[in-house]
Amino acid sequence: MKKEKLKILLKKVGYEAEIKFIDNTLKAKQKLVGGLIEIIDFTDDTLIVCNEEGKLLDLPPNTIFDIDYIAGDYFVVGNDFENADFKSLTDEQIKNVTPIINEKSLKYSKKELEEYSPDNHYIIMATPKKELLDFINDYKNEFLTKLDNDSNEHLAEDYNEKDFES
């Protein structure tokens, strides 16, 4: 039996997104992202498949999306809602998502990419990356501050002094 091929958009760290054809197998998907896969909704009809442990493994930041970023290589694939599976990207989907990915992706020099290794993973992070630094500052200042304030308000509501009276 012939294996089904999927048309995907592969985004390697430091490179432009490129069209690839892969086997529709778990093994093929894990090989592309370098480990366990995580599925993230991207657009209405596409998904991002990335390494579930990318940040834990100190993979280099690849693309910044809103309040989070993807570490390591990932790919975009079509969402087969009806069969709870993946499907090949259409030309229209590729045309729509490629500019988004390329705009939000961090750029690295060839030297930075060549010097990067799991044992020397800070080589890429050593060069200041304005986009990543801005993202981290915004995340801390906006999201975490709001989360702390919401948590404190929630605790204040849940634990009134009268709850501890005997």
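Values quoted throughout were computed directly from the atomic coordinates according to the rules given, and no laboratory measurement underlies them. All values derive from a computational prediction rather than experimental measurement. Heads up, the Cβs are rebuilt from the backbone with ideal geometry, glycines too, and the neighbour counts pull from every protein chain shown.
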In segment 61-104, which residues have a backbone nitrogen under 20 Å from the label point lying 7 Å from residue 38's Cα in the Cα-to-Cβ direction? 61-79, 86, 101-102, 104
In segment 12-67, if the dipole is taken from +1 on Lys/Arg beta carbons and -1 on Asp/Glu beta carbons about the Cα centre, which of 42, 65, 32 is farthest to the positive end? 32
Go ahead and run the numbers for FRET between residue 28 and residue 111, Cβ-Cβ distance against an R0 of 30 Å, rounding to 0.05. 0.45
Give me the percent of DSSP beta bridges within segment 16-110 that run antiparallel, rounded to the nearest 5. 100 percent
What nm value, rounded to one decimal, do you get for the distance between residue 58 and residue 92 when each label is placed 7 Å out toward the C-beta? 4.5 nm
